[in-house]
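Down below is the structure, laid out as structure tokens.
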Amino acid sequence: MVAKDSQHPAPGEYVREKALKTARAILNGELGIIEGARVLSTLAPDLVADWKVDPDFLVLAALDSETDDLPVGKQRKLWDATALAERDATVSRIEAEARQNVEAACRNILRRFDAHHRDR
């Protein structure tokens, strides 16, 4: 019998924890709406049976798809300053429009996947 290493969570647990951390960061304003939606949408297949019909992950995946040409997060370092300035207005507008739906999805993700949250 192999002992579990308590320093390294199981793969499913790691994905769940990353999703919770990302959702909290979005809600706390520590991570942008688009950047956070991208992270959560990539985690969706490992969290839910079918993200294409899951209302929370569908919102996130749609935003990810609609904005995949916009520079956010680490991608910003790769962009020319002039082009970046032009895209920043678009990023700000889209994030403002999507904020309410993305934050609602994040609150739902916390409710669904955080055992501590469910115990309250």
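If you go through the range 5-59 and pick out every residue that is over 26 Å from Asp88 (Cα atoms), among the hydroxyl-bearing types (Ser, Thr, Tyr) and modelled with pLDDT of 95 or more, you end up with 0.
For (1) in contact with an Asp or Glu (Cβ under 9 Å, 6 or more places away or on another chain); (2) surrounded by fewer than 13 Cβ atoms within 10 Å (Cβ to Cβ); (3) hydroxyl-bearing (Ser, Thr, Tyr); (4) under 15 Å from Lys18 (Cα atoms), each residue gets a yes or a no:
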| site | (1), (2), (3), (4) |
| --- | --- |
| Ser41 | yes, no, yes, yes |
| Val48 | yes, no, no, yes |
| Asp54 | no, no, no, no |
| Lys77 | no, yes, no, no |
| Ile94 | yes, no, no, no |
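The number of residues in the range 75-102 that are β-branched (Val, Ile, Thr) and either closer than 20 Å to Arg24 by Cβ or outside any helix (DSSP H, G or I) (or both) comes to 1.
For the range 57-74, a residue qualifies if it is assigned to a helix (DSSP H, G or I) and surrounded by 13 or more Cβ atoms within 10 Å (Cβ to Cβ), and the qualifying residues are Phe57, Leu58, Val59, Leu60, Ala61, Ala62, Leu63, Asp64, Glu66, Gly73. Within the range 73-89, residues that are under 13 Å from Glu35 (Cβ atoms) sit with their Cβ atoms under 7 Å from residues that are part of a helix (DSSP H, G or I) and of a type in the set (A, V, I, L, M, F, W, C), at 6+ positions apart or across chains, in these pairs: Arg76/Leu84.
For the range 25-56, the tally of residues that are touching a residue at least 60 places away in the same chain (Cβ under 8 Å), within 12 Å of the chain's Cα centre (by Cα) and not in a loop (DSSP other than H, G, I, E, B) stands at 7.
The values are calculated or read from the model by the stated rules, or taken from the named source; none is laboratory data. In this text the structure is predicted, and so the values were computed from the model without any measurement. Reconstructed Cβ throughout: ideal geometry from the backbone, glycine too, with neighbour counts over all protein chains shown.
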